[in-house]
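Take a look at the structure set out below.
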Amino acid sequence: MCRTRENDQPRRAGSENLQKERYVIIPGSVKDVKTLLPSMDELQLEDAILIVDRGFVSEEVLQGIFERNCSAVVPQRRNSTYFETRIHLKEKFLYHKRLIRGGKREMRGKFLYLFEDKDLELEEFKTLFKNVKKGDITENEAKSREKLAGRILFVSNVDKPPQEIYELYKTRDLVERFFDTLKNEVQADVLYLGDRSAVCGHLFVGFLCLYLYCKLQAVIKRAGLTSEYSPKDVLLIFSKVMRISYDGFDQITEVPKKVRELEKKLKLDLFPK
């Protein structure tokens, strides 16, 4: 489901096969968070897992989701009291060549999932160091934030292995990054769009691009390669093969071994043998 306000800020929710369900205009300056529960009622959405962001973490919204026989996976802000709960990181797995440690704990009918990413931790340490040097934060503030650097916590009513929850959320993250690009492009071009119809048309074309992006993501998921490849990775690898056409001549260039191997893993039939 995709909705956009008249000020051109899109958001999304996906179906089980990662495809977008709808594209609607919501009027005026209605906040996204206020459209979630009414949208669920309109779609009669049940027995689903919603992957939401930090803007939807209020207990009221979560309770509304649960009352509609739906589940949710919600990332927590670093100041959340849930971070005070002790969770043992017993599992290890690779996600896009990054080592992730994870664990979960049941707490009052909910499940807490905690993950540690050492690469992310290092990046956040660098950012904190730079902010101290610039005078944006104090040494004490930096030391306090370092305790949770590289850690991500989810609250959910879904009982699944930690790796599955992590990959589920990261799939949403990939689509959100695409939406950020779409939003920025739309805002950048807004001066060249003469009226509301032009804006809607521009967004609709972007929505079609998103649909194709998610089709590719679904292929990657079916092949069990979500932790290794993103749609961007696949497109970059496949872009090494070119089709040459001129003056009646038409030929596909040689297909590299790496491309053949990925094509086979994804169970696709794109290139001539």
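Some notes on this structure:
- Separation between Cα centres of segment 220-255 and segment 73-113, rounded to whole Å: 36
- Pairwise FRET efficiency - K265 versus E164, Cβ, R0 = 25 Å, nearest 0.05: 0.80
- Residues whose amide H comes within less than 5 Å of that of L50, counting only those at least five positions distant or on another chain, are S71, A72, V73 (H built at 1.01 Å from N in the peptide plane).
- Qualifying trypsin sites (Lys or Arg not before Pro) in segment 121-177, where qualification requires a DSSP coil assignment and no more than 15 other C-beta atoms within 10 Å, comprise K147.
- Spin-label proximity, M107 to segment 63-87 - amide N less than 17 Å from point 7 Å beyond Cα toward beta carbon: 63, 72-87
- Computed packing ranks the peptides 239-247, 61-69 as 61-69, 239-247, most packed first, by mean other Cβ atoms within 10 Å.
Throughout, read-outs are computed from the coordinates displayed, never taken from laboratory work. All of these numbers come straight from a predicted model, not from anything done at the bench. Here Cβ is always computed from backbone atoms with ideal geometry, including for glycine, and neighbour counts include all displayed protein chains.
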